[in-house]
Amino acid sequence: MTCPASAHAQPVSASPSRPWWGRVVVACLALAWGVGAAAAAPAPLRAGMIGLDTSHVPAFVKLFNDPKAPDDLAGVRIVAGYPGGTEMPASKNRVQKFTETVRAAGVEIVDSIPKLLEKVDVVFIESVDGRIHLQEAIPVILAGKPLFIDKPAAGTLADAVAIYELAKKHNVPCFSSSSLRFTPAIAELSKKAELGRIVGAMSWGPCDYEPGTPDLFFYGIHGVEPLFALLGRGCASVSRVHTQDADIVTGIWQDGRVATYRGFRKAKGGFGLVVFGTESFAPAAPGSLGGYRGLCVEIARFFRTRQAPVSAEETLEVLAFMEAADESKRQGGKAVTIASVLAKARAEAAGKLPR
């Protein structure tokens, strides 16, 4: 490598602190380091989105495609999107608007999943209708593309089992989560020393239903996910009290810990959370259980490392909690075991996988 001409053009007088030739050497080394660093920086991963019918889509595009995105969001750029959509009102009434929003942001819009897969390295499934997540995930997994599936992982527990079994068979990294799991409030509460050992939690939030999916899958998952983020796996049974305006769902863990979710439909308010410990209890700060940045940071890390921040087993237990809540409702509030709904789902999943 030749040194910059400007370095040779410097006067040949010596500096009290460094001779002229020292400055030339420093200039050459700085140039070499800069060129080497630029050459070493990997190209951003090209990401594609399937399903452009949720507000998460423009929010994620804004975060990932910001030219000034910080390092923890760098390395992933959303370059293509397939609108998809179903007759579900939440999908049909929004897909065109969100598609045009991300098109205006520079995302290429394609008319099929195969065309999308030709253009990308990693994939988001964003379809608001979880019932089609399995059919969308199959070609992505068979193409070997790392996959993030927005909440819920699927429209049924059996579909979710099928997705994760197929991903495991083909060694394709895959994960799914509600954004609430990765809000700062969850991390702060889980590390709060004055609580002692966490023995329970209570969460609450809006819980509208969507016909055709288990009641809590559509929006209740936002309140259920924090319970597992704090208590981890090990829920043994679930029972549910249901009225027209509210649901109260209680899970009992194998070691005796208890967690409760309250979902409301008419009451106004956002998400809330209280954690109970052996020494004290603590609420999440008002307004601290929102935003997408924490989730997007985890997605970026996942795509770069191919290591999921949430295991398949935990995600399936979250969904099993909600599926068991539906079964409890059908049985008039009786406790339903997580093991029973998982066993039924695994038996159903076998017939959903491609041969």
Check: Taking only the alpha-carbon positions of the range 78-125 and ignoring solvent, what does the Debye formula give for the base-10 log of I(q)/I(0) at q = 0.15, 0.19, 0.23, 0.33 Å⁻¹?
Finding: -0.39, -0.62, -0.86, -1.23
Margin query: Under 10 °C and 1.306 mPa s, how fast does the range 45-178 diffuse according to Stokes-Einstein, given a Kirkwood radius computed over C-alpha pairs? Answer in µm²/s, whole number.
Written below: 108 µm²/s
Item checked: Integer Hz, Karplus 6.51/-1.76/1.60 couplings in order for the range 69-83, x for Gly and Pro -> 4, x, 4, 6, 10, 6, x, 9, 10, 7, 10, 8, x, 10, x
Check: Once the piece of chain linking Ala267 and Glu87 is laid out straight, how much longer is it, given 0.36 nm per residue of separation minus the C-alpha distance between them?
Finding: 62.0 nm
Check: By count of other Cβ within 10 Å, fewest leading, how are Ile186, Ile138 ordered?
Finding: Ile138, Ile186
Next item on the list: List, in order, the whole-Hz ³J(HN,Hα) value for each residue of the range 142-154 obtained from phi through the Karplus relation with A = 6.51, B = -1.76, C = 1.60 and θ = phi - 60°; use x for Gly and Pro.
Entry: 5, 7, x, 8, x, 9, 9, 10, 5, 4, x, 4, 7
Margin query: Just to confirm my numbers, what's the Cα centroid distance between the range 122-156 and the range 251-313 in Å?
Written below: 22 Å
Notebook entry, point to check: Once amide H atoms are built 1.01 Å from N in the peptide plane, which residues 5 or more positions from Asp53, or in another chain, come under 5 Å H to H?
Noted result: Val128
Next item on the list: With both partners inside the chain, how many of the DSSP beta bridges are antiparallel, as a percent to the nearest 5?
Entry: 50 percent
Item checked: Radius of gyration, Dmax [the chain; alpha carbons; angstrom] -> 24.7, 92
Check: Which distance in nm do the two modelled labels at Gln135 and Lys62 give, with both placed 7 Å along the Cα-to-Cβ direction?
Finding: 3.2 nm
Item checked: Of Lys329/Lys352; Lys145/Lys352; Lys62/Lys266; Lys151/Lys268, those spanning more than 24 Å from alpha-carbon to alpha-carbon -> Lys329/Lys352; Lys62/Lys266
Item checked: Among Gln244, Gln135, Gln307, residue whose mean-square fluctuation peaks in a GNM of the chain (springs only between Cα atoms under 10 Å) -> Gln244
Notebook entry, point to check: How do Ser190, Ser280, Ser239, Ser91 rank when sorted from fewest to most other Cβ atoms within 10 Å of their own Cβ?
Noted result: Ser280, Ser190, Ser239, Ser91
Next item on the list: Just check the range 208-355 against the gyration tensor rule for me: Cα atoms, a ≥ b ≥ c as the square roots of the eigenvalues, rounded for a/c under 1.5, and otherwise prolate or oblate depending on whether a/b exceeds b/c.
Entry: rounded
Next item on the list: For n ≥ 4 DSSP H runs only, could you compute -39500 (n - 2.57) per run for the chain, divide by its residues and tell me the 222 nm figure to the nearest 500?
Entry: -12000 deg cm²/dmol
Check: What is the order of Glu298, Glu323, fewest Cβ neighbours within 10 Å to most?
Finding: Glu298, Glu323
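No lab work stands behind these numbers, since they all come straight from the coordinates. The structure presented is a predicted model; accordingly, all values stated were derived computationally and were not measured. Cβ coordinates were reconstructed from backbone atoms using ideal geometry, including for glycine residues, and neighbour counts include every protein chain displayed.
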